[in-house]
């Protein structure tokens, strides 16, 4: 029985020792895990670094697309401005300058017609040539200044009345 007691005691000692060693092992493992977590907490995690890189790439893409959109909008605005400036209505000063040029051309046509008549070459009458030239000038002026032929004729008539001493009335709409 003493042999049996000795076996039981040895067995109990061994079990107690194993329990003690398991506790020490658990403590050591817990310390290692705590140290590993502490080390991971000290450096930025990989997921965070990846998110920062992705955010930076998205921000750069957004900047580029914003610049591209701004560029296309500015181009459209510039085209609209150019079209607006090209289609501005004729000012009275522009029409008067054109009429001075027309008068100069009329004088030259008259001089050429007179010279041709003196030489016996010109068979057409002066008034017919003058009317044809006048119609061409009115049409060209209307096209160049983007106003109707009727408005251009009204300005010509008004100009002639002022140069002949009669009061001028302008039918041009503002």
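Coordinate-derived values only; no laboratory data. Not measured: the values here are computed from a predicted model. Cβ placement follows ideal geometry from the backbone for every residue including glycine, while neighbour counts extend to all protein chains displayed.
With the simple model of a label 7 Å out from the Cα in the direction of the Cβ, residue 35 to residue 3 spans 4.8 nm. Modelled spin labels at residue 80 and residue 10, positioned 7 Å past Cα toward Cβ, are 10.2 nm from each other. Overall dimensions of region 2-80, expressed as equivalent-ellipsoid semi-axes from the Cα gyration tensor (√(5λ), whole Å, largest first), are 74, 9, 4.
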